[in-house]
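Undergrad: Dropping a structure here in structure tokens format, bear with me for questions.
The values are calculated or read from the model by the stated rules, or taken from the named source; none is laboratory data. All values derive from a computational prediction rather than experimental measurement. FYI the Cβ positions are ideal-geometry reconstructions off the backbone, even for glycines, and counts take in every protein chain you see.
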Amino acid sequence: MTAMLPPTPNKLRVLIVDDSSFMRMAIRSILTKAPGVEVVGIAADGMEGVEKALALKPDLITMDVEMPRMDGIAALKQIMAQQPTRVLMVSTLTCEGARATFEALEAGALDYVPKNVSDCKDAQTVFQQALLAKVQEASLSAMPRRVISAVPRIIQPAAVRPSQFAHRRVSYVGIGASTGGPVALQEVLSRIPVNFPHGIVVAIHMPKAFTGPYADRLNAKCSLSIREAADGDILRGGEVLVAPGGRHTTLVKQGNNIVVRTAPTTDFPQYIYIPSVDQMITSLCDASAGSMLGVILTGMGNDGFKGMKHLKGKGGVTLVQNEATSTIYGMPRACVEGNVADVILPLDQIGFEIGKIAG
């Protein structure tokens, strides 16, 4: 039995759970070279992962999805029920991997790291950079709460008052999110009624293989019609278009319609985050002549701030998630500290407020 390592002060203590010896070695090699990170344990399957998580009490766990004896999702659920811990899922870039990842996020995982099983050096570099970035984000995130049951909560609006912005002209809604966004966005959209009259565009930082399955999952769980956007789509009332991963999405005015235009990342080299929330909100604002509501949910960094600033300057309405309910407060914080947030609300009230502002 591997001896427990004593905690090192001020270091992020990580447990690696993966049935592939190659992946265990690769992740360990990457993390041991990262400043402020200490690998305190290795587990070869979910059952051993649960045992070591409870014994070692790490600050963060990297968790593979498909493993023998106990898979990553079953292990995650046990850990979250007994000892809530920050967990990064290591997911394959496939539709199956995407579906499992979203199930894990709903079960309490903080985020995911897409892995490419290719031996290509470029793919390995991308994985290394993504892992290090996600680990750093995790170190700044809120500690997850204990998951007691999967019974959906019934939440009522905090007040029946009309929105203070009900008189403002709003015809479209643009929503941006990143870390913590997949679960947060589902909560927001599930509280918007099926008869909502305006079109909604969502930009969330996801790889290409994930946005289609994610849109399908949202469509199955919400009353609105939700699908992945495609080049040439018209933004219609009561529909939600999810910007495709791996590309940037621009909205343009075409006759009486607003139409989706997608473009390769090389067309917009100024944007680090893909798809860019700034590009989506700015272009939708211009296409709608400022007649829109911009919403920024949880996420690392400041993507969305420039778009919200542009929107506010054009007379649009801006709404952001509050700090207490954000997994990571980076994107909302940028808007609040930059004085471009008209409304700041907890997550469980944002969907209701969208209905009041733009209904």
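Undergrad: Out of the residues in the range 62-85 that are in a strand (DSSP E or B) and not aliphatic (A, V, I, L, M), state the one that is surrounded by the most Cβ atoms within 10 Å (Cβ to Cβ).
TA: Out of the qualifying residues, it is Thr62.
Undergrad: Something else: With (1) at pLDDT below 85; (2) crowded, with 16+ Cβ neighbours inside 10 Å as the list, and Pro162 as the residue in question, which single condition is left unmet?
TA: Every listed condition holds for Pro162 apart from (2).
Undergrad: Now, a different point. Of these, Leu297, Leu319, Leu235, which one is more than 30 Å from Val126 (Cα to Cα), in the same structural domain as Thr179 (by TED's automatic domain parsing) and touching a residue at least 60 places away in the same chain (Cβ under 8 Å)?
TA: Within the list Leu297, Leu319, Leu235, the selection yields Leu235.
Undergrad: Taking Ile30 and the conditions (1) of a type in the set (A, V, I, L, M); (2) buried (at least 23 other Cβ atoms within 10 Å of the Cβ); (3) within 28 Å of Thr125 (Cβ to Cβ), which numbered condition does it fall short on, given that it satisfies the others?
TA: (2)
Undergrad: Go through the range 176-287 and tell me which helices (runs of 4 or more DSSP H), entirely inside it, have 2 or more residues that are closer than 22 Å to Leu110 by Cα and hydroxyl-bearing (Ser, Thr, Tyr).
TA: By residue number, 208-221.
Undergrad: Of everything in the range 97-111 that's touching a strand residue (DSSP E or B) at 6+ places or on another chain (Cβ under 6 Å) and either surrounded by fewer than 24 Cβ atoms within 10 Å (Cβ to Cβ) or without any contact (Cβ under 8 Å) to a residue 60 or more places away in the chain (or both), which residue is nearest to Glu66 (Cα to Cα)?
TA: Out of the qualifying residues, it is Gly97.
Undergrad: Confirm whether Ala34 is modelled with pLDDT under 90, part of a loop (DSSP other than H, G, I, E, B), assigned by TED's automatic domain parsing to the domain that holds Gln128 and of a type in the set (A, V, I, L, M, F, W, C).
TA: Here the answer is yes, as Ala34 does meet what is asked.
Undergrad: Hey, can you tell me all the residues within the range 86-134 that are in a helix (DSSP H, G or I) and in contact with a Gly (Cβ under 9 Å, 6 or more places away or on another chain)?
TA: Across the range 86-134, the qualifying residues are Cys95, Ala98, Ala100, Ala104, Leu105.
Undergrad: Anything in the range 248-269 that is modelled with pLDDT under 95 and surrounded by 15 or more Cβ atoms within 10 Å (Cβ to Cβ)? List them, or say none.
TA: Within the range 248-269, just Phe268 meets the criteria.
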